[in-house]
Amino acid sequence: MILKEIKHNVKMYTVSNETLLYLDDIGLRINDDVFDNCDNDYFIKYKSKVIYRFNEGTYIDDQFLNKTVVQDSLYAQTGIFYFDFNVGDLTSEFELINLEDLSVIYSFGRHYAGIQNVIRLDDYIVINFKNQIKCYCNKSYKLLWNIEGDFNILYGYYEGSLYVLESKKNLVEIDIETGSINYNFEEISNLPEGTNKDGFSLDFTNLKLDQNKGLLVGIFHTFYVEIELNTKTINVYNLRDQLEGTNVISFKSFSNLSFNDQHLAVLAYAKLKEDPKVLYGANVLINRNTKTIEWTHVFKDYGLGTNAPIITNDHLYQIDFNGDLYIFER
């Protein structure tokens with residue numbers, strides 16, 4: 001990876017199909033063109049539309065809707081929106097909205113306002129309301145099933161099943177048609193000998209679903225992890241020896257991992273010989289096919305915090321605490 005450019009005074013950014021959207025002191029930009037001069041906390045390019053939150057409402061291009069779009073809920077020119085927050089019971093109204101004419105397609109009623117995440121499929125709408133998961137038919141909008149529990153992460157869908165983290169430690173496979181639990185991954189939670197030494201053990205909150213390959217992938221300490229969903233087996237690769245000489249000492253474990261078919265981009269800790277008492281932020285590029293470290297970069301000027309990198313087919317993006325957005329290119 002080669003440093004292509006650094007954009008300054010960036011507050012937030014996202015990438016959609018190699019299109020960079022970012023917010024700076026001037027406003028919301030698409031690539032480098034100013035789209036709007038307002039400040040907002042969420043924006044995305046969905047097909048030909050630019051959708052962004054503004055105060056408690058949402059702009060769909062130049063149309064304003066006095067309801068807030070739920071992140072990751074956009075599908076087939078529709079999206080899930082919430083409004084009318086009740087501070088007493090922490091609930092809001094939720095609706096499925098047509099993005100073309102802003103009409104209400106279906107009302108989900110009042111629910112706990114803190115939606116964890118949403119999965120949209122051709123036949124199903126699955127919503128994780130944290131204390132319950134509800135699955136609706138995507139055509140009739142009939143509630144198909146509802147299960148209750150302490151659900152932290154709805155990883156995604158793969159071949160008829162949902163993969164869910166419950167109570168921060170229990171990874172389960174749920175049948176999308178019935179809502180029944182097909183498999184509990186507690187049976188494979190014990191790591192191979194030697195991988196849980198020094199007090200480090202696999203944390204299921206640090207995984208992400210690769211739907212194309214049927215894998216849950218993740219990192220912890222200096223390990224790269226793959227859980228094969230078809231065979232229910234776990235593979236753990238210790239990359240410690242490969243990190244020697246790179247200044248990187250371990251990975252930062254977060255669930256917002258970014259990957260493509262070949263690489264996984266990782267946030268990491270680094271130490272420099274000239275300043276060994278200071279922990280620096282770094283990026284590591286793991287080749288998922290060869291299970292090797294392909295590239296590292298240490299950020300010496302400012303910290304990275306929990307700002308994880310985003311990788312696309314051709315670029316890697318990383319923002320630091322100073323608002324400098326680094327863009328690397330293959």
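Key figures
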quantity: Residue satisfying condition, being modelled with pLDDT of 95 or more, on the phi < 0 side of the Ramachandran plot, crowded, with 16+ Cβ neighbours inside 10 Å and not assigned by the TED database to the domain that holds residue 252, within set 171, 215, 162; calculated: 162
quantity: Identity of the residue in region 6-38, assigned to a strand (DSSP E or B) and more than 18 Å from residue 307 (Cα to Cα), that ends up modelled with the lowest pLDDT; calculated: 36
quantity: When residues of region 218-264 are limited to those that are of a type in the set (Gly, Ala, Ser) and under 15 Å from residue 206 (Cα atoms), the one surrounded by the fewest Cβ atoms within 10 Å (Cβ to Cβ); calculated: 255
quantity: Candidate set: region 36-52, residues that are within 16 Å of residue 17 (Cβ to Cβ) and not aliphatic (A, V, I, L, M); chosen: the one surrounded by the most Cβ atoms within 10 Å (Cβ to Cβ); calculated: 43
quantity: Residue check for residue 84: at positive phi and not in a loop (DSSP other than H, G, I, E, B); calculated: yes
quantity: Residues (assigned to a strand (DSSP E or B) and either in contact with a Gly (Cβ under 7 Å, 6 or more places away or on another chain) or polar (S, T, N, Q) (or both)) located in region 39-74; calculated: 58, 63, 64, 65, 68, 69
quantity: Only one of 307, 287 that is touching an Asp or Glu at 6+ places or on another chain (Cβ under 6 Å), assigned by the TED database to the domain that holds residue 260 and polar (S, T, N, Q); calculated: 287
quantity: Strands (runs of 3 or more DSSP E) within region 216-330 that include 1 or more residues acidic (Asp, Glu); calculated: 223-228, 275-287, 292-299, 325-329
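The values are calculated or read from the model by the stated rules, or taken from the named source; none is laboratory data. Everything numeric in this text was worked out from a predicted model, so none of it was measured. Reconstructed Cβ throughout: ideal geometry from the backbone, glycine too, with neighbour counts over all protein chains shown.
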